[in-house]
1. Test T97 against the stated conditions and say whether it is touching an Asp or Glu at 6+ places or on another chain (Cβ under 8 Å) and either in contact (Cβ under 8 Å) with a residue 60 or more places away in the chain or within 30 Å of T166 (Cβ to Cβ) (or both).
2. Answer yes or no: is there a residue in the range 414-436 that is small (G, A, S), open to solvent by less than 20 Å² (accessible area, probe 1.4 Å) and more than 23 Å from G473 (Cβ to Cβ).
3. Please state which of the following conditions A453 fails to meet, knowing it meets all the rest: (1) open to solvent by less than 10 Å² (accessible area, probe 1.4 Å); (2) in a strand (DSSP E or B).
4. Can you find a residue that is aliphatic (A, V, I, L, M) and open to solvent by less than 10 Å² (accessible area, probe 1.4 Å) anywhere in the range 291-298?
5. Scan the range 137-166 for residues that are within 16 Å of the ligand (Cβ to nearest atom) and surrounded by fewer than 23 Cβ atoms within 10 Å (Cβ to Cβ) and jot them down.
6. Would you check if there is a residue in the range 370-388 being on the phi > 0 side of the Ramachandran plot, assigned to a loop (DSSP other than H, G, I, E, B) and out of contact with any Pro (no Cβ under 9 Å at 6 or more places or on another chain)?
7. Inside the range 242-269, can you point out the residues that are within 12 Å of the ligand (Cβ to nearest atom) and either more than 9 Å from the chain's Cα centre (by Cα) or closer than 17 Å to P319 by Cβ (or both)?
8. Inside the range 289-325, can you point out the residues that are within 16 Å of the ligand (Cβ to nearest atom) and touching a residue at least 60 places away in the same chain (Cβ under 8 Å)?
Amino acid sequence: MTTDRIWYGGDYNPEQWPSDVWDEDVRLMQRAGVTVATVGVFSWAKLEPRDGYFAFDWLDDVLGRLHAGGIGVDLATATASPPPWLTTAHPDVLPVTADGVTLSVGSRQQYSPSSATYRRYADRLVRAIAERYRDHPALVAWHVNNELACHVPYDHSDESAKAFRTWLQDRYGDLDTLNEAWGTSFWSQAYSDWQEVVPPRAAPTFLNPTQLLDWDRFSSDAWLGVLRAEAAILREVSPGVPVTTNFMGLYKPSDYWAWAREVDFVSDDHYVDPAEPDAHVRAALTRDLMRSLGAGKPWILMEQATSAVNWRPQNAVVPAGWHRTLSLQAVARGADGVMQFQWRQSRAGAEKFHSAMVPHAGTDTRVFRETVELGADLADLADVVGTTLTADVAIVLDWDSWWAIEQQATPAQLDYAAIVRRWYTVLWRRGVLVDFVSPSGDLGGYRVVVAPAVQVLPAAAQQNLASFVDDGGELVVGYQTGILDERLRAVLDGYLGALQRVLGVHVEEFAPAAAPAGGTLPAFRIDGLAGGEATEWGEVVRVHDAEVLSTFAGGFLDGLPAITRRPGAAGGSAWYVATAPSDLDTLVKAVLEHAAVSVPWPPLPEGTERVRRGPVEFLLNHTARAVTVDGVTVDPFNAMVRRHGSSPSTSAPTGSPWSPKPHSCGSPEGA
Ligand code: GLA
């Protein structure tokens, strides 16, 4: 992606409106400072109204008007929702649930990622669009499909079953190897013919865990296949035009480490829930994840709502000013684009109650005024475009572990994302910038790596983490890490594998909380470092060669280690944490101090965020009350920026004064 200004705009669906609205759209986009529109996401039925008959005139017209208005186009491949004529003629395209129900037309994403018929039709459409618009002067990027795997992450049709078998044959070669990998001597599950192998459909009780994990891997790959197929056509027909597809944040069904390798830049859709207390932290986490998926390169916030969405049971309004603050949060954390769903609020259809940049009530509205103001703010931030951020701390994130740990028939029903968020939140509150890494990723640039609940840890990844300690890093290993190998076989002799050497401990027995996720262990506390309650998890840890920093107190685990640390050879150390301490912050503080990680500013008021990207420092208030930082007052749900000289400094930065002064969000036109 090459751009010299921050992308600002949104999904533009002109086919939902008569053409006399289109000129007004362009005029208003100019007024709002829109630079890019995503066009054509759901246009298949309009672009190909009958099998093989393409109608591009209207899109020529739209793209021409946008270009004349100085607005670039992120052009979608239009494959997100096949038209009814296609699935009526070819019902084999329709996806099937685990219970055998075929999903119908009348909604969207009603296709199987494994369908050869879908692929044939989609390829033809993508090629036609690419050939027609590859040289269009408005074209700034290709937008593959839309939120791949959003509604139908798993398709259990016979065609998917066939594709699953092919995927397994590629992975295991022969049935004996598959039987061994899946441990099918258990419960008489041995397969004698490939035709017997099916997706994990509805079954009497627990399904084979490795079959389930491979199904998760296959399903992620099946959707990745859709991305790859479309991207290959686009790159063949229009080399040099960047290709992206919109991710969905921390999304369980899609292993975005693999997906991110297939796009030229990462983009993400994020919809905060204003009713959620830590929504801004959840947002910060996904921003950091997107930056990390793209190996630090700038990414695009591709969709967000200007105010309420329409798909939660209760759709809270986004308070005045907060949309801008969250947008600047994305920029601060590496985004070179701030886009919304959508430009003009739909008049009909299932999303007519979803907010947009131009609301039903028109331009004399709070939301449109905020739209215009945000455009002006982003235009002023062109100097951050292309700049990157450097984090000292990384959290290991792993989809195999997510899929495995949330299976049934496990020691406890754990919420993997919640465990990751718990660590992230404490670091966020301390103002520490965090990257995410995969277990086998390059850890070289970090001082601290936290590995929470990385349940599936192949030998090479165990070694990767152990080497980080040998090289002087500070490694924090949380419970349920290194328990299983990539085939979900238990790591014998005390779990943890190669990590036992650097941690100096092994695990003998699990003792999770009796209550569901997050619950307090009955009568268990921790004494020592991070003293307080032991929540969610406990276990019997045996120490060979480590300092015990805290112990469990009370009940079955009384006196056993809860937190240990073993110095590494090169100055770092390896910490083992056998529970979720209620006072996680004290532990994190100790780890950061030990690793000499410092933040260039003192602790911030609750809900306040301060991030430096390139020459710009961002001060963001995500709360409903004014906060004062360094003598500067930031209004509720407001953001301020200031500039520094070119070299980022680790000491307290000084720069130009904070701006802008209190924002005008919410005052009527003309006021
Ligand atoms: C997703 C989709 C959009 C729209 C929004 C509504 O992000 O990509 O097409 O449905 O949700 O929030």
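1. So T97 does not fit the description; no.
2. yes
3. (2)
4. No, the range 291-298 contains no residue that is aliphatic (A, V, I, L, M) and open to solvent by less than 10 Å² (accessible area, probe 1.4 Å).
5. Passing the criteria: E147, C150, H151, V152, P153.
6. Checked the range 370-388: no residue is on the phi > 0 side of the Ramachandran plot, assigned to a loop (DSSP other than H, G, I, E, B) and out of contact with any Pro (no Cβ under 9 Å at 6 or more places or on another chain).
7. T245, N246, S267
8. Matches in the range 289-325: I300, M302, E303, T306, S307.
The values are calculated or read from the model by the stated rules, or taken from the named source; none is laboratory data. Since the model is a prediction, treat every value here as computed from it, not as a measurement. With ideal geometry, Cβ positions are generated from the backbone for all residues, glycine too; neighbour counts draw on all protein chains shown. Calculation scope for accessible area: heavy atoms of the full protein, side chains included, ligands and nucleic acids excluded. Shrake-Rupley method; radii C 1.70, N 1.55, O 1.52, S 1.80 Å.
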